Structures are given as structure tokens and as C-alpha cells.
Amino acid sequence: MSKSVTSNAHDNPFDAVKLELAVIIGLAIGVLLVIWRLDLSHLLELLLLAGLGVGAGGWLAVRTRQVSAQDD
């Protein structure tokens, strides 16, 4: 008997976090391109990128802790 590649029996609980990481990376690239095209001051560009980094990193940290708490 062959095993299905799309079998849900052995789903990794971190798959949702991996998907969110991919979305955040895409969002960060989009924001980076927008900031690159806009003529903003360097401080404002830095603040926008830092805010995105802190927000995305915090989101991923919270989601990872939630998933690992459910796994216990």
C-alpha cells in the first residue's frame, strides 16, 4: 500500500507558523520595496523597518510559544 503525500496523519504543528513566516517575509519584502521607492528621511525609513521587524518577530515568537504550549 502506498502512502499519500498529502496525508494529514503526521502534520507538523509548526506548519501554520511556517506559513505565517512565509507571509511575513513576503510582507517585509513588499514594505522594503515601498520604502525604497518613497523619498522618506533615513530616520523614518529606519523606524518603519524596525517597527516591522519588531512586530513580525514578536508575532512569530508568540505564535511559536502558543504552538509549543499546545504540543505539551
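Of Ala69, Ala56, all but one fail to be among the hydrophobic types (A, V, I, L, M, F, W, C) and either surrounded by fewer than 10 Cβ atoms within 10 Å (Cβ to Cβ) or in contact (Cβ under 8 Å) with a residue 60 or more places away in the chain (or both); the exception is Ala69. I'd like the residue in segment 36-46 that is at pLDDT 90 or above and not in a loop (DSSP other than H, G, I, E, B) and, out of all such residues, is surrounded by the most Cβ atoms within 10 Å (Cβ to Cβ). Restricting to residues being at pLDDT 90 or above and not in a loop (DSSP other than H, G, I, E, B), the top hit is Glu45.
Check whether at least one residue in segment 22-35 is more than 14 Å from the chain's Cα centre (by Cα), exposed (fewer than 14 other Cβ atoms within 10 Å of the Cβ) and either basic (Lys, Arg) or assigned to a helix (DSSP H, G or I) (or both), and report yes or no. Yes, the conditions are met somewhere in segment 22-35.
None of Arg37, Arg63 is among the charged types (D, E, K, R) and in contact with a helix residue (DSSP H, G or I) (Cβ under 6 Å, 6 or more places away or on another chain) except Arg63.
The values are calculated or read from the model by the stated rules, or taken from the named source; none is laboratory data. This structure is a prediction, so every number in the text was calculated from the model and none was measured. FYI the Cβ positions are ideal-geometry reconstructions off the backbone, even for glycines, and counts take in every protein chain you see.
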